[in-house]
Amino acid sequence: MSAAYRRIRDLREDRDLTQRQVGEAIGVPQRTYAYYESGQRMPTPQVLCALARFHGTSVDYLLELTGNPAPYPRRRNP
């Protein structure tokens with residue numbers, strides 16, 4: 001299992017949530033979410049965005065492109 005999948009699992013476990021709870025929050029069945037955590041399936045970009053929003057972090061953090069869990073600031077459109 002790659003570390004990116006561990007990061008998704010660790011974020012869930014840190015909040016004492018079940019796979020079912022996270023799956024429901026992001027709109028996927030528990031079994032599908034379990035596949036993401038185990039590395040058997042790669043989350044789609046939409047799922048990665050939903051996970052980042054749900055956990056209050058960035059997709060880059062989920063994918064281990066950064067060690068900073070803080071989400072990026074949102075830009076305001078002019």
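What to note about this one:
- Residue count for the stretch 53-78, restricted to those that are touching a Ser or Thr at 6+ places or on another chain (Cβ under 6 Å) and under 21 Å from Gly23 (Cα atoms): 3.
- Hey, Ser58 surrounded by 15 or more Cβ atoms within 10 Å (Cβ to Cβ), modelled with pLDDT under 95 and among the hydroxyl-bearing types (Ser, Thr, Tyr) or not: yes
- Hey, Val47 open to solvent by less than 60 Å² (accessible area, probe 1.4 Å), within 9 Å of the chain's Cα centre (by Cα) and free of Cβ contacts under 8 Å to residues at least 60 places away in the same chain or not: yes
Residue by residue, here is whether (1) assigned to a loop (DSSP other than H, G, I, E, B); (2) free of Cβ contacts under 8 Å to residues at least 60 places away in the same chain; (3) loosely packed, with under 11 Cβ neighbours inside 10 Å holds:
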position	(1), (2), (3)
Ala4	no, no, no
Asp16	yes, yes, yes
Glu37	no, yes, no
Pro43	yes, yes, no
Leu51	no, yes, no
Tyr72	yes, yes, no
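- When Gly67 is tested against (1) open to solvent by less than 50 Å² (accessible area, probe 1.4 Å); (2) within 17 Å of Arg6 (Cα to Cα), only condition (1) is not met.
The values are calculated or read from the model by the stated rules, or taken from the named source; none is laboratory data. None of the values given here were measured: they were computed from a predicted structure. Methodologically, a virtual Cβ is constructed for each residue, glycine included, from the backbone with ideal geometry; neighbour enumeration extends over all protein chains shown. To get the accessible areas, we keep the full protein, side chains included, count just its heavy atoms, and leave off ligands, DNA and RNA. Shrake-Rupley method; radii C 1.70, N 1.55, O 1.52, S 1.80 Å.
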